[in-house]
2 protein chains.
Amino acid sequence: MAMQLTARTVRVLIGAEPKNHVTRDMPEVKVGFEGFVGDRHSGLTRKADVRTPWFPKGTLVRNTRQVSLVSTEELALMAEALGLPQVLAAWLGANLELAGVPGLTQLPPGTRLFFPEDVALVVEGENEPCRKAGRALEAHHPEQAGLASRFVKAAHHRRGLVGWVERPGVIRPGDKVKVMLPPTVAYSLPTEPGSVGQST
Amino acid sequence: MAMQLTARTVRVLIGAEPKNHVTRDMPEVKVGFEGFVGDRHSGLTRKADVRTPWFPKGTLVRNTRQVSLVSTEELALMAEALGLPQVLAAWLGANLELAGVPGLTQLPPGTRLFFPEDVALVVEGENEPCRKAGRALEAHHPEQAGLASRFVKAAHHRRGLVGWVERPGVIRPGDKVKVMLPPTVAYSLPTEPGSVGQST
């Protein structure tokens, strides 16, 4: 189990209003098993929605989407693709902006992030680009036609991750982060009856 | 996101006594967000132990090891490697024995298992072979010298998985299981400064 990647916490953000997608920068955030304290996505459970189409809408399921993370480098790539001076983590409704992890969005499910004041987060998976984030960008750049639609393409595999809290504590901007990848597993489905769909 | 693999529930088991590693077959098990109701590994949180050496021992962390799963096929491979007529799921302290998934132990973190009566489980990762399971085998085969030590090797990558409950419900022997793999992600650490350690 490798544990060499490190990152830096650039921003930590909270979305306190239930209907407002945009988050705002905080000098520190308390983190509990429910998520980031005061954030609208915190909770031990959540209702299934379009993000989890394998459950009937509204089904109560464990909340593994407590926290959303983006990277400084991928925000810059998005801005470049959209022809904007910058794309802010807050516009995407992110809770954390990290710098220094190449291809953050590609970190596999089960990746663990360790913060100095006890917090450990676990990656659930990629955060698929949505129109809400696109509309938040549009609100800041009304002069740009069709920004919300163009965002979905520009954000593809750059939109960051969602995850949950494994260990509570506090996160502050400037915090170093240790990134621990899960053991590499390559599993493929059997291609024909009787064949073994497994390799390591 | 592929969803073609299916499995069959052969047994569902509970370990009710805190100090007894062995589990026993049940005609049905109720499943809550805490885990399998009545099982000694259920709980929303757990204390970090040798299985999670990246946390100080005893630290309260989210319990993502609520349930352990083994496969009929891998149990047979273990028995063969050990020269035993059979290895029972109960001896390994497993909560579920599934049949029909090639290389069950190699299912990646984030794999989801859907049961007909609502339950969804998510894979945390491989369950590393331990001496406790080996000693349970030894208790059933005292004539076999060194079985506990040999078990660790025989169980390598066949010991099954641990995971947690995403959606509550009921599981019974005979239940069909749909297996949903997470999107394939290949992430490797940067090999030299400045290189990008990512590929898709």
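Summary table below
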| quantity | calculated |
| --- | --- |
| Selected residue [in contact with a helix residue (DSSP H, G or I) (Cβ under 6 Å, 6 or more places away or on another chain) and small (Gly, Ala, Ser)] from A:174, A:146, A:134 | A:134 |
| Breaking point among (1) more than 14 Å from chain B (Cβ to nearest Cβ); (2) at pLDDT 95 or above, for residue A:82 | (2) |
| Failed item, numbered, when residue B:7 is tested on (1) over 15 Å from residue B:90 (Cα atoms); (2) assigned to a loop (DSSP other than H, G, I, E, B) | (2) |
| Per-region count, the stretch A:85-113, residues more than 14 Å from every other protein chain (Cβ to nearest Cβ) and of a type in the set (D, E, K, R) | 1 |
| Filtered residue count, the stretch B:124-135, keeping only those that are open to solvent by less than 10 Å² (accessible area, probe 1.4 Å) and over 15 Å from the mean Cα position of the chain (by Cα) | 1 |
| Residue within the stretch B:101-123 that is within 29 Å of residue B:187 (Cα to Cα), open to solvent by 40 Å² or more (accessible area, probe 1.4 Å) and part of a loop (DSSP other than H, G, I, E, B) present | no |
| Any hit, the stretch A:73-84, residues being at negative phi, in contact with a Pro (Cβ under 9 Å, 6 or more places away or on another chain) and not polar (S, T, N, Q) | yes |
| Conditions (1) at pLDDT 85 or above; (2) within 28 Å of residue A:30 (Cα to Cα); (3) not in a loop (DSSP other than H, G, I, E, B); number of the one not met by residue A:135 | (2) |
| Where a residue in the stretch A:135-157 is more than 13 Å from residue A:81 (Cβ to Cβ) and its partner, wherever it lies, is modelled with pLDDT of 90 or more, with Cβ under 7 Å and at least six apart | A:136/A:22; A:136/A:91; A:140/A:91; A:141/A:84 |
| Residue ID - least open to solvent (accessible area, probe 1.4 Å), chosen from residues in the stretch A:70-100 that are free of Cβ contacts under 8 Å to residues at least 12 places away in the same chain and outside any loop (DSSP other than H, G, I, E, B) | A:79 |
| Residue tally, condition of a type in the set (A, V, I, L, M, F, W, C), at the interface with chain B (Cβ under 8 Å from one of its Cβ atoms) and over 27 Å from residue A:119 (Cα atoms), over the stretch A:45-67 | 2 |
| Residues that are part of a loop (DSSP other than H, G, I, E, B), open to solvent by less than 20 Å² (accessible area, probe 1.4 Å) and touching a Lys or Arg at 6+ places or on another chain (Cβ under 9 Å), drawn from the stretch A:31-58 | A:48, A:52, A:55 |
| Residues satisfying the stated conditions in the stretch B:145-160, i.e. of a type outside the set (Gly, Ala, Ser), outside any helix (DSSP H, G or I) and open to solvent by 40 Å² or more (accessible area, probe 1.4 Å) | B:156, B:157, B:158 |
| Top-ranked residue of the stretch A:161-192 - restricted to ones that are within 16 Å of residue B:184 (Cα to Cα) and open to solvent by less than 20 Å² (accessible area, probe 1.4 Å), ranked as nearest to the other protein chains (Cβ to nearest Cβ) | A:181 |
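The values are calculated or read from the model by the stated rules, or taken from the named source; none is laboratory data. Here the structure is a predicted model, which is why all the values come from computation and not from measurement. Quick reminder, even Gly has a Cβ in these numbers, built from the backbone with ideal geometry, and neighbours come from all protein chains shown. Remember, those area values only see protein heavy atoms, side chains included, never the ligands or the DNA or RNA. Shrake-Rupley method; radii C 1.70, N 1.55, O 1.52, S 1.80 Å.
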